[in-house]
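Student: Before I ask anything, let me first share the structure, which is written out below as structure tokens.
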2 protein chains.
Amino acid sequence: MKTSQRGQVDPFIVMDVMEAARKAEAAGRRIIHMEVGQPATPAPKGARQALARTLEQPLGYTVALGLPALRQGIAALYQRWYGVDLDPARVVVTPGSSGAFILAFSALFDAGDRVALGEPGYPSYRQILRAMSLEPVGIPTRIEDRYQPRPEDLPGDVQGLILASPGNPSGTVLRREELAALTTRAAALGVSVISDEIYHGLDYGAGFHSALEVTDDVVVINSFSKYFSMTGWRIGWMVVPEPMIRTVERIAQNMFICPPHASQVAALAALDCVDEAEANLAVYAANRQMLLERLPQIGFDRIAPPEGAFYIYADVSELTDDSLSFAAEILEKAGVAVTPGLDFDPRRGARTLRFSYAGASADIAEGLDRLAAFMAAR
Amino acid sequence: MKTSQRGQVDPFIVMDVMEAARKAEAAGRRIIHMEVGQPATPAPKGARQALARTLEQPLGYTVALGLPALRQGIAALYQRWYGVDLDPARVVVTPGSSGAFILAFSALFDAGDRVALGEPGYPSYRQILRAMSLEPVGIPTRIEDRYQPRPEDLPGDVQGLILASPGNPSGTVLRREELAALTTRAAALGVSVISDEIYHGLDYGAGFHSALEVTDDVVVINSFSKYFSMTGWRIGWMVVPEPMIRTVERIAQNMFICPPHASQVAALAALDCVDEAEANLAVYAANRQMLLERLPQIGFDRIAPPEGAFYIYADVSELTDDSLSFAAEILEKAGVAVTPGLDFDPRRGARTLRFSYAGASADIAEGLDRLAAFMAAR
């Protein structure tokens with residue numbers, strides 16, 4: 001059978017790095033994982049206990065928008081985190097933030113529409129857009145702008161704009177006034193805005209702001225994957241403008257039926273597990289401090305201000321112009337898996353690397369020792 | 001913000017019926033559910049126990065194609081059920097069969113492509129196609145063909161064909177020679193075939209055949225939802241031709257990252273829970289027998305041969321030409337939720353109803369009593 005043009009998306013390079021690391025581990029090597037953006041910790045204990053208590057129940061389909069109690073709990077989070085009074089009816093529970101992007105793109109854009117996004121950025125934005133016959137339009141950002149787009153960078157001929165704060169891979173955060181300027185500019189141009197806030201909760205003093213603080217005319221996407229440490233559970237959410245609710249509900253009914261019920265039960269309980277989430281955050285903060293001290297000593301000194309998330313994005317142009325090979329060499333010689341920048345920036349990512357510090361502190365420390373030895377021997 | 005044209009899909013009517021039933025229940029009424037296509041039973045006990053034992057582990061992202069052991073277990077099912085020797089590399093674990101359709105449509109079709117499907121049929125085929133800028137092309141089928149398309153019905157100007165056996169809502173099964181004739185005709189026309197086999201395992205003597213028995217050049221879609229009683233777990237699979245594996249892997253990496261990990265753990269264990277699945281099947285068989293005896297006495301006597309799945313599709317054109325209102329009247333007066341045929345057939349479904357018999361036998365018996373009283377008083 002013939003495959004489609006739109007199906008010819010690029011691989012998610014970090015997943016290929018993970019597979020190479022897995023093969024090395026299968027061959028008996030110990031690999032330090034600084035490539036993948038996921039906590040080493042399980043879902044919060046309270047979340048797992050809540051699910052264990054529910055396992056005798058059928059856990060059949062839920063309504064498409066998600067369990068009402070979960071939607072209410074998520075709405076309450078907006079009061080807690082941002083002081084925003086959010087109607088739970090605007091909250092849509094999704095199969096991960098991935099599912100939220102599929103729903104948002106279906107609801108907002110028609111085939112051929114163009115959607116702007118900052119480079120560097122999360123690679124799957126680009127690939128999901130392509131698989132849905134949409135055209136990603138990269139906005140090259142500048143390190144002096146903390147790798148975030150300026151309002152005047154927004155092209156006039158796009159239908160959509162994806163914002164990400166804290167950014168992946170940069171970890172940089174949009175200030176409230178920057179969010180206001182970007183969304184105001186987009187509204188003036190008739191451009192629909194999607195604000196990816198999946199790393200909210202993970203900040204190190206810079207704070208974080210939701211696009212909902214500055215406008216209701218935005219689709220906000222978030223997830224239980226990062227702050228609540230629930231990656232593999234595939235449970236996320238979106239907040240949509242009131243007039244979009246019924247459209248998104250119909251698409252969700254048909255495209256997903258419902259988000260995974262067991263994950264919804266666990267996520268609802270996770271909302272109350274703040275102590276555990278904050279304890280994880282303290283580990284990331286310690287890891288981040290280690291990296292900020294040692295990476296420059298080792299030779300990785302051109303980095304974006306790591307304000308949030310659990311990544312450090314390094315400009316390695318003085319070391320290589322082939323980040324794929326460089327990352328492969330680091331995996332091979334140092335046994336440390338890192339992500340080549342090409343995943344995030346098709347133009348300039350051949351000269352960048354992303355280090356994730358979501359792992360355990362002992363592993364991060366060992367990873368740094370190995371990187372130091374590797375760079376010293378180079 | 002402006003919503004898209006393609007996002008204006010029809011509601012999944014059965015989910016609106018469920019919501020109306022839920023409201024009646026919230027108001028204190030007892031409703032018998034013969035609308036929704038899901039077992040009343042939980043996931044198999046062995047599946048739930050396996051998950052309970054795993055809840056201490058991180059359950060992070062798995063590889064995009066799914067846990068290798070689960071892919072192997074699914075491949076082994078093809079040997080057990082059909083005598084087909086299937087390479088586990090061709091098995092892709094998906095977030096429900098819904099996720100499998102999104103992956104298949106992305107991998108096979110470009111915006112504007114036309115995809116044929118039998119009417120009546122599962123409504124979400126049509127809506128997912130639309131949301132992905134594809135054009136559903138209905139093939140009206142005949143009750144004398146058991147509501148399945150004939151090879152000569154396949155239009156020459158389509159790029160895809162969706163087959164479903166057992167069909168939903170019809171419950172009818174394609175014979176092996178019919179599968180061969182349909183796939184041969186499609187291949188001759190250069191049409192890609194997707195075979196929806198989600199109700200396999202649920203048959204009442206007619207047996208069932210996979211399209212993989214007659215060709216490797218097909219995308220087969222299946223799920224743990226029905227036979228294994230795991231609807232809300234959102235875990236399904238597809239079998240793809242070998243040359244498509246890498247394309248589907250890349251799309252899955254980007255669109256879904258991975259299927260829900262906890263559901264994968266449960267599904268792997270479910271594969272061994274044959275006794276429990278067969279016990280559920282015995283309940284459906286008893287329910288089916290009740291319906292076959294009593295529905296004609298009550299006044300629903302024009303039904304498709306109910307060979308598989310857990311549905312009976314009834315032609316009610318002598319009773320109504322507005323199945324939506326008729327179903328609402330049955331819910332209101334009899335307290336029985338049934339699905340209007342319009343969900344399945346936009347042209348002729350105003351004169352049909354679908355009865356699901358996936359529920360508990362006592363409920364089905366009470367539903368029949370209520371339907372009898374309702375029809376007698378009409």
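The values are calculated or read from the model by the stated rules, or taken from the named source; none is laboratory data. Since the structure is predicted, the reported quantities are computational estimates derived from the model, not experimental observations. We place every Cβ from the backbone using ideal geometry, glycine too, and count neighbours over all the protein chains shown. Side chains are part of the model used for accessible areas, which takes the heavy atoms of the whole protein and leaves out ligands, DNA and RNA. Shrake-Rupley method; radii C 1.70, N 1.55, O 1.52, S 1.80 Å.
Student: Quick one: is A:Thr62 facing another protein chain (nearest Cβ under 7 Å), open to solvent by 30 Å² or more (accessible area, probe 1.4 Å) and polar (S, T, N, Q)?
Tutor: When the stated conditions are applied, A:Thr62 does not pass them.
Student: Which members of the stretch B:25-42 meet the condition of being at negative phi and either at pLDDT 95 or above or open to solvent by 40 Å² or more (accessible area, probe 1.4 Å) (or both)?
Tutor: Listed by number, the residues that qualify are B:Glu25, B:Ala26, B:Ala27, B:Arg29, B:Arg30, B:Ile31, B:Ile32, B:His33, B:Met34, B:Ala40, B:Thr41, B:Pro42.
Student: Buried (at least 21 other Cβ atoms within 10 Å of the Cβ) and either farther than 24 Å from A:Gly60 by Cβ or in the same structural domain as B:Ile198 (by TED's automatic domain parsing) (or both) - does that describe any residue in the stretch B:363-376?
Tutor: Within the stretch B:363-376 (the criterion being buried (at least 21 other Cβ atoms within 10 Å of the Cβ) and either farther than 24 Å from A:Gly60 by Cβ or in the same structural domain as B:Ile198 (by TED's automatic domain parsing) (or both)), the answer is no, since none of the residues qualifies.
Student: Test A:Gln57 against the criterion of being part of a loop (DSSP other than H, G, I, E, B), of a type in the set (S, T, N, Q) and more than 22 Å from the chain's Cα centre (by Cα), and give yes or no.
Tutor: yes
Student: Taking the stretch A:94-133, which residues are over 19 Å from B:Glu249 (Cβ atoms) and touching a helix residue (DSSP H, G or I) at 6+ places or on another chain (Cβ under 6 Å)?
Tutor: Once the filter is applied, which keeps residues that are over 19 Å from B:Glu249 (Cβ atoms) and touching a helix residue (DSSP H, G or I) at 6+ places or on another chain (Cβ under 6 Å), the stretch A:94-133 yields A:Thr94, A:Leu103, A:Ser106, A:Ala107, A:Val115, A:Leu117.
Student: Mind checking whether some residue in the stretch A:73-81 is at pLDDT 95 or above and among the polar types (S, T, N, Q)?
Tutor: yes
Student: Mind checking which pairs have a first residue in the stretch A:6-35 that is within 24 Å of A:Ser98 (Cα to Cα) and a second that is hydroxyl-bearing (Ser, Thr, Tyr) and assigned to a helix (DSSP H, G or I), Cβ under 6 Å, 6 or more apart or different chains?
Tutor: A:Gly7/B:Ser106; A:Gly7/B:Thr247
Student: Which ones in the stretch A:15-34 are within 19 Å of A:Arg126 (Cβ to Cβ) and more than 9 Å from every other protein chain (Cβ to nearest Cβ)?
Tutor: Within the stretch A:15-34, A:Val17 is the sole residue that qualifies.
Student: Can you name the residue in the stretch A:224-270 that is among the basic types (Lys, Arg) and over 30 Å from A:Tyr311 (Cβ atoms) and is also surrounded by the most Cβ atoms within 10 Å (Cβ to Cβ) among such residues?
Tutor: Going through the qualifying residues, I end up with A:Arg250.
Student: Quick one: B:Arg175 ticks every box in (1) more than 14 Å from every other protein chain (Cβ to nearest Cβ); (2) open to solvent by less than 10 Å² (accessible area, probe 1.4 Å) bar one, so which box is it?
Tutor: Evaluating B:Arg175 over (1) more than 14 Å from every other protein chain (Cβ to nearest Cβ); (2) open to solvent by less than 10 Å² (accessible area, probe 1.4 Å) leaves (2) as the failure.
Student: Under 9 Å between Cβ atoms, at least 6 apart or on separate chains: pull out the pairs that start in the stretch B:283-295 with a residue that is closer than 10 Å to B:Tyr357 by Cα and at pLDDT 95 or above and end on any residue that is polar (S, T, N, Q) and outside any helix (DSSP H, G or I).
Tutor: B:Val283/B:Thr41
Student: Is it the case, given these coordinates, that B:Pro166 is open to solvent by less than 10 Å² (accessible area, probe 1.4 Å) and either away from chain A (no Cβ under 14 Å) or assigned to a loop (DSSP other than H, G, I, E, B) (or both)?
Tutor: Yes.
Student: Output the residues belonging to the stretch A:83-105 that are in contact with a Pro (Cβ under 8 Å, 6 or more places away or on another chain) and open to solvent by 10 Å² or more (accessible area, probe 1.4 Å).
Tutor: Across the stretch A:83-105, the qualifying residues are A:Pro88, A:Arg90, A:Pro95.
Student: Quick one: is B:Lys45 more than 30 Å from A:Ile194 (Cβ to Cβ), in contact with a Cys (Cβ under 8 Å, 6 or more places away or on another chain) and either surrounded by fewer than 20 Cβ atoms within 10 Å (Cβ to Cβ) or more than 11 Å from chain A (Cβ to nearest Cβ) (or both)?
Tutor: Yes: the conditions hold for B:Lys45.
Student: Let me ask another. Filtering the stretch B:121-150 down to residues that are over 22 Å from B:Ala104 (Cα atoms) and either outside any strand (DSSP E or B) or within 14 Å of another protein chain (Cβ to nearest Cβ) (or both), which residue is most open to solvent (accessible area, probe 1.4 Å)?
Tutor: Checked the stretch B:121-150; the qualifying residue most open to solvent (accessible area, probe 1.4 Å) is B:Glu144.
Student: Considering only the stretch A:79-120, how many residues are within 14 Å of chain B (Cβ to nearest Cβ), among the charged types (D, E, K, R), closer than 30 Å to A:Arg146 by Cα and not in a strand (DSSP E or B)?
Tutor: Here the count works out to 1.
Student: Answer with yes or no whether B:Phe228 is closer than 20 Å to B:Ala89 by Cβ and within 22 Å of the chain's Cα centre (by Cα).
Tutor: So B:Phe228 does not fit the description; no.
Student: Considering only the stretch A:321-335, state which residues are over 16 Å from A:Asp16 (Cβ atoms) and not charged (D, E, K, R).
Tutor: A:Ala334, A:Gly335
Student: Out of the residues in the stretch B:65-78 that are out of contact with any Leu (no Cβ under 9 Å at 6 or more places or on another chain) and open to solvent by 40 Å² or more (accessible area, probe 1.4 Å), which is nearest to the other protein chains (Cβ to nearest Cβ)?
Tutor: B:Pro68
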